[in-house]
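The values are calculated or read from the model by the stated rules, or taken from the named source; none is laboratory data. Being a predicted model, the structure only gives us computed values, none of them experimental. Ideal geometry is used to build each Cβ from the backbone, glycine not excepted, and the neighbour counts take in all protein chains shown. These area figures cover heavy atoms from the full protein model, side chains too; ligands, DNA and RNA do not enter into them. Shrake-Rupley method; radii C 1.70, N 1.55, O 1.52, S 1.80 Å.
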Amino acid sequence: MLRSLSYGQQIQVSSATIHSTQPYVAELADEIDSYRAAAVPATGASVGSVGALVLEDVGFEYHEGQPVLSGLVATIAPCEVVGVIGPSGSGKTTLVQLLLGLRTPTSGRVLADGRDIRSFGRREWVRKVTFVPQNPKLIRGTIADNIRFFRDGVSDAQVEQAARLAHLHEDVEGFPEGYGRDVGEGGGQLSGGQQQRLCIARALVEDPDILILDEPTSALDMRSEHLIRQTLGQLREDMTIIIIAHRLSTLDRVDQIVVLDHGRLIEHGTREDLAADPSSRFHHLLATSRAAQGVVR
Ligand code: ADP
């Protein structure tokens, strides 16, 4: 009797848990459906060289009649470094998803080398355009597993080459297990900076043409900060880099700044041009940041 009572209680607790998680599961299923609906087809034209990226009057709506991006017009030349800034909710993440081909513009087109990216084979596009998220997302497994990230064709030499580019190799050499080191639950066996560099290595391993990086908002250790800057400095020779910048200092080294606000591209130009224009949002941001730091110029 007692045992069956205790089992009964357990069933009750489990059923309550199932009920409480049901809305989240439904939301997840909706989200997966919306990604699937907007997916770029797996088969398509060969990308070849990505060339210049052009946003041609790009707009996007998650819900009909409620645009979160509208009328975006911009050209990003090959090997250009672009910093994207804008307040939270201005559409930076959505723009990145459009460039990655995870979502399709509801109006306008994204062109690469004059061709709509919708026409490209999805597999090739995701090799050419890679993304480093703001917070490292590591999987359970070794450093090599995390750099390879489910791509069977990636050799050990490629893994090491990417780690060297991301300035992670020196750290890996210091581990007795080398690339076989388990990263631990949530990457807990690595420092925040090492995790970030690992994600950069993962993005670089298949030699992309465009690297999109969402800058971490939380401070990294000084060495990692310096190494990541060094990596970006080296990469700018070979690929287009788009950085969602959360710190103004990051914009010191970009060729072009794009300012988003409420889904519109309100300014773009070089750092010098935007800083020199007293009516620009960027000028205002610089002035506010200097005032906050007590810098008078
Ligand atoms: P940012 O990255 O600049 O913070 P986002 O691109 O995340 O901006 O969001 C732009 C707008 O789109 C916001 O108003 C946000 O609420 C909305 N949004 C973002 N993701 C979704 C989604 N999956 N479904 C509906 N609305 C969304």
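Based on the alpha-carbon gyration tensor of the stretch 212-265, what equivalent-ellipsoid semi-axes (square roots of 5 times the eigenvalues) come out, in whole Å, largest first?
21, 15, 9
Fully extended, how many nm does the chain gain between E124 and F150 (0.36 nm per residue separation, minus their Cα-Cα distance)?
Here the segment from E124 to F150 would lengthen by 7.8 nm.
Let's see if you can work this out: charge +1 on each Lys and Arg Cβ, -1 on each Asp and Glu Cβ, no other charges. What is the dipole magnitude of the chain about its Cα centre, in debye to the nearest 20?
It works out to roughly 380 debye.
Along the stretch 168-182, what does the Karplus equation 6.51 cos²θ - 1.76 cosθ + 1.60 (θ = phi - 60°) give for ³J(HN,Hα), rounded to whole Hz, x for Gly and Pro?
9, 4, 4, 5, 5, 4, x, 8, x, 8, x, 5, x, 5, 6
Using only Cα atoms, what is the ratio of the radius of gyration of the stretch 1-145 to 2.2 N^0.38 Å?
1.48
Taking a probe of 1.4 Å, how large is the accessible area per residue of the chain, in Å²?
On a per-residue basis, the chain sits at 54 Å².
For the stretch 155-240, compute the orientation-averaged projected area of the C-alpha convex hull (one quarter of its surface), in nm².
For the stretch 155-240, the mean projected area of the Cα convex hull comes to 5.7 nm².
Amide H of I212 versus every other amide H placed in the peptide plane: which residues, excluding those fewer than 5 positions away on the same chain, fall under 5 Å?
Amide H neighbours of I212, under 5 Å, 5+ apart: T130, F131, V132, I242.
Amide H neighbours of E80 under 5 Å, counting only residues 5+ apart in sequence or on other chains, H built in-plane at 1.01 Å?
Excluding prolines and chain starts, which carry no amide H, the hits are I241.
For the stretch 50-62, take each phi angle, set θ = phi - 60°, evaluate the Karplus expression 6.51 cos²θ - 1.76 cosθ + 1.60, and give the result in whole Hz per residue in order, putting x for glycine and proline.
6, x, 6, 9, 10, 9, 10, 6, 6, x, 8, 10, 6
Assigning unit charges at the beta carbon (Lys, Arg +1; Asp, Glu -1) and nothing else, what dipole magnitude in debye, to the nearest 20, does the stretch 155-291 show about its Cα centre?
Dipole magnitude for the stretch 155-291 comes out near 520 debye.
What are the semi-axes of the equivalent ellipsoid of the stretch 197-297, taken as the square roots of 5 times the eigenvalues of the Cα gyration tensor, listed largest first and rounded to whole Å? Each step should come with its number before you reach the end.
Values: eigenvalues 140, 59, 29 Å².
For the stretch 197-297, the semi-axes come out at 26, 17, 12 Å.
In Å and whole numbers, how far do the C-alpha atoms of the stretch 77-164 stretch along each principal axis, longest first?
Rounded to whole Å, the extents work out to 41, 31, 24 Å.
When you count, for each residue, the other Cβ atoms within 10 Å and take the mean per peptide, how do 263-275, 159-171, 81-93, 59-71 rank with the highest first?
Taking the mean over residues of other Cβ atoms within 10 Å, the ranking is 159-171, 81-93, 263-275, 59-71.
Given a Förster radius of 22 Å and the C-beta distance between H284 and D252 as r, what FRET efficiency does 1/(1 + (r/R0)^6) yield to the nearest 0.05?
Working from the Cβ atoms, E equals 0.80.
Return the carbon/sulfur percentage of the accessible area of the chain, one whole number, probe 1.4 Å, all protein chains in place.
Summing carbon and sulfur atoms, their accessible area is 54 percent of the total for the chain.
How would you rank 245-252, 122-129, highest first, on the average number of other Cβ atoms within 10 Å across their residues? Mind dumping the intermediate values first?
Details: 245-252: 15.5, 122-129: 18.6.
Descending mean neighbour count gives 122-129, 245-252.
How many times 2.2 N^0.38 Å is the alpha carbon radius of gyration of the chain? If you can, show how the numbers build up before the last one.
Details: Rg = 22.1 Å, N = 297, 2.2 N^0.38 = 19.1 Å.
Computed over Cα atoms of the chain, the ratio equals 1.16.
Quick one: which of 13-23, 147-157, 108-118 comes out on top by average Cβ neighbours within 10 Å, and what's the full order, highest first?
Ranked by mean Cβ neighbours within 10 Å, highest first: 108-118, 147-157, 13-23.
If you fit an axis through the alpha-carbon atoms of helix 192-204 and take the longest principal axis of the Cα set of the chain, what angle between them do you get, 0 to 90°, nearest 10?
70 degrees
Say R0 is 22 Å: what FRET efficiency, to the nearest 0.05, do R109 and E225 get from their beta-carbon distance?
Plugging the Cβ-Cβ distance into 1/(1 + (r/R0)^6) gives 0.05.
Using only the Cα atoms of the stretch 174-221, build the gyration tensor, take square roots of its eigenvalues as a ≥ b ≥ c, and label the shape rounded, prolate or oblate: rounded if a/c is under 1.5, else prolate if a/b is larger than b/c, else oblate.
oblate
Give me the one-decimal nm value for the distance between modelled label points at A52 and V25, 7 Å along each residue's Cα-to-Cβ direction.
5.1 nm
Go ahead and run the numbers for FRET between L2 and R36, Cβ-Cβ distance against an R0 of 35 Å, rounding to 0.05. Intermediate values should be presented prior to the final figure.
On the way: r = 49 Å, r/R0 = 1.40.
Calculated transfer efficiency: 0.10.
With θ taken as phi - 60° and the coefficients 6.51, -1.76 and 1.60, list the Karplus ³J(HN,Hα) couplings across the stretch 31-36 in order, rounded to whole Hz; mark glycine and proline as x.
Along the stretch 31-36, the couplings run 5, 4, 4, 5, 5, 4 Hz.
Within the P(r) computed for the stretch 107-219, what percentage of the Cα pairs occupies the region above 20 Å?
Working: 2682 of 6328 pairs.
When all Cα pairs of the stretch 107-219 are counted, 42 percent exceed 20 Å.
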